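Structure first, commentary second.
The values are calculated or read from the model by the stated rules, or taken from the named source; none is laboratory data. Note that this is a predicted model, so its numbers are computed, not measured. Please note that ligands, DNA and RNA were not included when accessible areas were found on the heavy atoms of the full protein model with its side chains. Shrake-Rupley method; radii C 1.70, N 1.55, O 1.52, S 1.80 Å.
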Amino acid sequence: MCRAALLLAGLAAVPAIGATVLQCVPYARIVSGVELYGDALTWWGQAEDNYKRGPKPKKGAVLAFRPNGPMVLGHVAVVSKILGDRRILIRHANWSAPGAIEEDVLAIDVSPDGDWSQVRIWFSPNAQMGARTNPTYGFIYPAKAKLRKFTPDPALGGSTRFAKVDEDMWDETDLPDPLRDKRAKPSRARREMVALAEAPTRMPAGARRKTEKADPFIVEYAGKRVDYADNSPRERSIGDIIADVKREARLR
């Protein structure tokens, strides 16, 4: 069945986010070169017969997130740098804000076995590690690892870039891995980064935790709930679906 028919057939059954802003999928596809289509939650299965997969991060690989709570469509991000066994930098879109592009931000492995099956991601608006623990499938490895430039295209939806974080902030020269070496002492210039990695659920000033059944770590900042992009699906109109079909046809 063609992609258009599948989309139309699933109209009543599959909730999705509207096509008015840049989504994580086209961004990850362009930056990584991994030629997979469809919602992020399908990428891991699609990759089985097309790409190698595994639990270890590699530059240029796609980290595939499992659907989790309100994040019903999953998420995909591209590894841009390996900092250590449990710390990497990623590039992705539509996470911290609708359509936002974040380049070279921190992701840390918080899984019990150190297999990257659970991660926490940098939340740019608050300059903190995100409160949510995100389950993942693993990494999808492109045939040729290469980070490609992403040029905003109105056909892919509206987007905005967050300013890149100073690379020195992620420098591992004097930044120990607090998840593996509790005895190491970071320099004064790196203490804030160490604190973030040691306590990834730390809230910024004025923030508090609110317990909900779906997710025990929903962040509220300045009295307002901080929603995670890619996590607030709405039903799509037939116009949204037709626009998606035309857009993917052009990309192919």
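Tabulated values for the structure
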{"quantity": "Theoretical gain in end-to-end length, ASP153 to TYR37 [0.36 nm per residue, Cα-Cα removed]", "calculated": "40.0 nm"}
{"quantity": "Contour minus Cα-Cα distance for LYS164 and LYS59 (0.36 nm per residue)", "calculated": "36.0 nm"}
{"quantity": "Exposure of THR151 as accessible area (Å², to 10), given a probe of 1.4 Å and all protein chains", "calculated": "90"}
